[in-house]
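For reference, the structure is listed below as structure tokens.
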Amino acid sequence: MATFGEVIGSLMSAVAQARASADLEAVRIAQAYSADPLLKHLSVPRVRLPEVTVDLPMLITDIGVGDGKSMGWAMEKPTRTEVNKAVRVALTESKLRLPVAEGDAVVAAAVDEVSAAFAEGDPTLLTPEDVARRASEAAVTKAAETKKGASLGPELMGFPKLAASSLHELLRRKRVPMPAVNVVVQSAAIKEQANTANVVHIRLNITEDAFEITEEPDGPGFRLTPE
């Protein structure tokens, strides 16, 4: 049994490998042409796959929880109370003493930044590291503002790391694996099913997007540019 994502990924990988095999064969033919006095004046044949259409029958068996590997992860948005608690833990551990109003402002800055991160980004692309960094930087900036004109003691110096760590731990617990659609694609297995109404047909149009390898003009390395 495989997941729907694994099947689609395998098909796309197979198309890419087919194009790679065709290019390698084109290189081999080019070498043969260049060594022949007559063939070297002819163009080298090259096979491309600008578009591949696949009509694939499959049986959807169930929709379950993924393993976080093939389907990836999403991140649930923490509540304002949870973010509030995480930042206050960092404030306590850093021994950064602020008046109540200023401490509330520091916490609010982190809470607002977490909300902004989830409002702007796709939950499947957000990472605990990125969101924790953004929120801790917002909290530290607000904390520095409250200490403006005063000495920045070791307690403020330790607060950024503690805030990032506390928020990261909270957000790490909010990661959940994406749901997986489990399917059967083997013909024999599909035929064994008594109820063929459960069989669906997936029609895929896979379009080739080729790239050329170009060297970096100002140093080592290379980049991929569209053909």
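Using amide H atoms built in the peptide plane, which far-off residues or other-chain residues are under 5 Å from VAL183 H to H?
ALA2, THR3, PHE4, THR61
Short version: ³J(HN,Hα) in whole Hz for each residue of segment 77-90, in order, from phi by Karplus 6.51 cos²θ - 1.76 cosθ + 1.60 (θ = phi - 60°), x for Gly and Pro, what are they?
Here the 3J(HN,Hα) series is 6, x, 6, 4, 5, 5, 5, 3, 5, 4, 6, 5, 4, 5 Hz.
For the chain, modelled as a GNM with alpha-carbon contacts under 10 angstrom, which of GLU192, GLU129, GLU76 fluctuates the most?
Among GLU192, GLU129, GLU76, the largest GNM mean-square fluctuation belongs to GLU192.
Taking the Cα centre of the chain as origin, work out the dipole magnitude from +1 charges on Lys and Arg Cβ and -1 charges on Asp and Glu Cβ, in debye rounded to 20.
Numbers: 25 positive and 31 negative charges, 155 e Å.
Approximately 740 debye in magnitude.
Can you sort ILE60, ILE213 from fewest to most other Cβ atoms within 10 Å of each residue's own Cβ?
Details: ILE60 13, ILE213 8.
Result, fewest neighbours first: ILE213, ILE60.
On a full-extension model of 0.36 nm per residue, what is the gain between VAL44 and ALA22, subtracting their alpha-carbon distance, rounded to one decimal in nm?
Values: separation 22, 0.36 × 22 = 7.92 nm, distance 1.21 nm.
The VAL44-ALA22 span can extend by a further 6.7 nm.
Residues with amide H under 5 Å of ILE202's amide H, sequence separation 5 or more or different chain, H placed in the peptide plane at 1.01 Å from N; which?
Under 5 Å from the amide H of ILE202 lie the amide H atoms of LEU56, MET58, each far enough along the sequence or on another chain.
With springs connecting C-alpha atoms under 10 Å apart, model the chain as a Gaussian network and identify which of VAL199, VAL27, VAL87 has the largest mean-square fluctuation.
VAL27
Here are a few candidate values for Rg/Rh (Cα atoms, Kirkwood Rh): (i) 1.05; (ii) 1.20; (iii) 1.00. Which one was actually calculated from the structure I just gave you?
Matching entry in (i) 1.05; (ii) 1.20; (iii) 1.00: (ii).
If R₀ is 25 angstrom, what is the calculated FRET efficiency for the pair ASN198 and SER10, using the beta carbon separation as r and rounding to 0.05? All intermediate terms of the calculation are to be shown ahead of the outcome.
Working: r = 22 Å, r/R0 = 0.87.
Working from the Cβ atoms, E equals 0.70.
Taking a point 7 angstrom from the Cα of LEU224 along the C-beta vector, which residues in segment 6-50 have backbone N less than 13 Å away?
Once the point is set 7 Å along Cα→Cβ of LEU224, 13, 16-17, 20 turn out to lie under 13 Å by backbone N, inside segment 6-50.
Tell me the label-point distance for the pair SER34, GLU120, using the 7 Å Cα-to-Cβ offset, in nm and rounded to one decimal.
Once both label points are built, they end up 4.9 nm from each other.
Work out, step by step, the length gained on full extension between GLU169 and VAL52: first 0.36 nm times the residue separation, then minus their alpha carbon distance; give nm to one decimal.
Values: separation 117, 0.36 × 117 = 42.12 nm, distance 4.46 nm.
37.7 nm is the gain from fully extending GLU169 to VAL52.
Scan around GLY121 for amide H atoms under 5 Å from its own, H built in the peptide plane at 1.01 Å from N, and keep only partners 5 or more places away or cross-chain.
Correct list: empty.
Out of every Cα-Cα pair in segment 74-177, what percent are more than 17 Å apart? Mind showing how you got there, number by number?
Working: 2397 of 5356 pairs.
Cα-Cα pairs of segment 74-177 separated by over 17 Å account for 45 percent.
Please compute the net charge surrounding GLU76, taking Lys and Arg as +1 and Asp and Glu as -1 over other residues with Cβ under 11 Å from its Cβ. Before the final figure, lay out the partial values.
Values: positive: LYS77, ARG173, LYS174, ARG175; negative: GLU82.
Cβ neighbours under 11 Å give a net charge of +3.
Do the sum for the chain: with -39,500 (n - 2.57) for every DSSP H run of n ≥ 4, divided by all residues, what is the mean residue ellipticity at 222 nm, to the nearest 500 deg cm²/dmol?
Details: 6 runs with 110 residues, N = 227.
Calculated from helices alone, the mean residue ellipticity at 222 nm is -16500 deg cm²/dmol.
Please report how far the C-alpha centroid of segment 27-60 lies from that of segment 75-89, rounded to the nearest whole angstrom.
56 Å
Order these by the 10 Å Cβ neighbour count, fewest first: PHE159, PHE222, PHE4.
Values: PHE159 23, PHE222 10, PHE4 18.
Ascending Cβ contact count within 10 Å gives the list PHE222, PHE4, PHE159.
What is the packing order of peptides 131-138, 115-122, taking the mean over residues of other C-beta atoms within 10 Å and listing the highest first? Present the calculation step by step, with values, prior to reporting the outcome.
Details: 131-138: 22.6, 115-122: 13.2.
Order by mean packing, descending: 131-138, 115-122.
Select from ALA144, ALA163, ALA110 the residue whose mean-square fluctuation is largest in a Gaussian network model of the chain (Cα-Cα springs shorter than 10 Å).
ALA144
Any read-out appearing in this document is the output of simple, stated calculations on the displayed coordinates, not a laboratory observation. Since we're looking at a predicted model, the values are computed, not measured. Neighbour counts run over all protein chains shown; Cβ positions are idealised from the backbone, glycine included.
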